[in-house]
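**Student:** Mind looking over this structure? Questions follow.
Each reported figure results from applying straightforward, stated rules to the coordinates on display, with no laboratory input. Because the structure is predicted, anything quoted here is derived from the model rather than measured. Cβ: placed from backbone, ideal geometry, glycine included. Neighbour counts: every protein chain shown.
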Amino acid sequence: MVRPTGIRLISTNYLANMLHYPDQSEVRLGDRVLHNRDRAVVEALIEGDEIVDCGVDSAGFMIACERCGRVFIVPGSADWEDVSLLSREV
């Protein structure tokens, strides 16, 4: 399993998080997901004012995938449609 390393966690406010998976469950840091049938971990959430600060075009979340490396997922994109939640720490 890929472990989060070296990424600055940008948003830790779960209540303000507006990012969701295709099944409408909320995206949270540390979630274990499937991306194109490969295991991955959510490493960072980028939304609100952080979008400009990070130099990205829209809100999204960064995953560390075993096969693909790090991938920035934008809601509504083809990559987003291929992400599903596997497990979450309580």
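**Student:** Hey, with R₀ at 25 Å, roughly what FRET efficiency would Arg39 and Val90 work out to, going by the Cβ-Cβ distance, to 0.05?
**Tutor:** Efficiency for this residue pair is about 0.80.
**Student:** Short version: ³J(HN,Hα) in whole Hz for each residue of segment 28-36, in order, from phi by Karplus 6.51 cos²θ - 1.76 cosθ + 1.60 (θ = phi - 60°), x for Gly and Pro, what are they?
**Tutor:** After applying 6.51 cos²θ - 1.76 cosθ + 1.60, I find 10, 4, x, 4, 9, 10, 9, 10, 6 Hz.
**Student:** Tabulate in residue order the Karplus-calculated ³J(HN,Hα) for segment 63-75, using 6.51 cos²θ - 1.76 cosθ + 1.60 with θ = phi - 60°, rounded to whole Hz; enter x for Gly and Pro.
**Tutor:** 10, 10, 9, 4, 8, 8, x, 8, 9, 8, 9, 9, x
**Student:** What residues qualify as long-range amide H neighbours of Arg70, i.e. H under 5 Å apart, gap of 5 or more or another chain, H built at 1.01 Å from N?
**Tutor:** Hits under the 5 Å cutoff: Cys65.
**Student:** A follow-up question, please. What are the residues whose amide H is under 5 Å from the amide H of Leu19, where those residues sit 5 or more places off or on another chain and H is modelled from the backbone?
**Tutor:** Amide H neighbours of Leu19: Val27.
**Student:** Points 7 angstrom from Cα along the Cβ direction at Val56 and Asp82: gap in nanometres?
**Tutor:** In this crude label model, Val56 to Asp82 measures out at 1.7 nm.
**Student:** Take the Cα atoms of segment 18-87, find their three principal axes, and give me the spread along each one in whole Å, biggest first.
**Tutor:** Principal axes ranked by extent give 31, 25, 22 Å for the Cα atoms.
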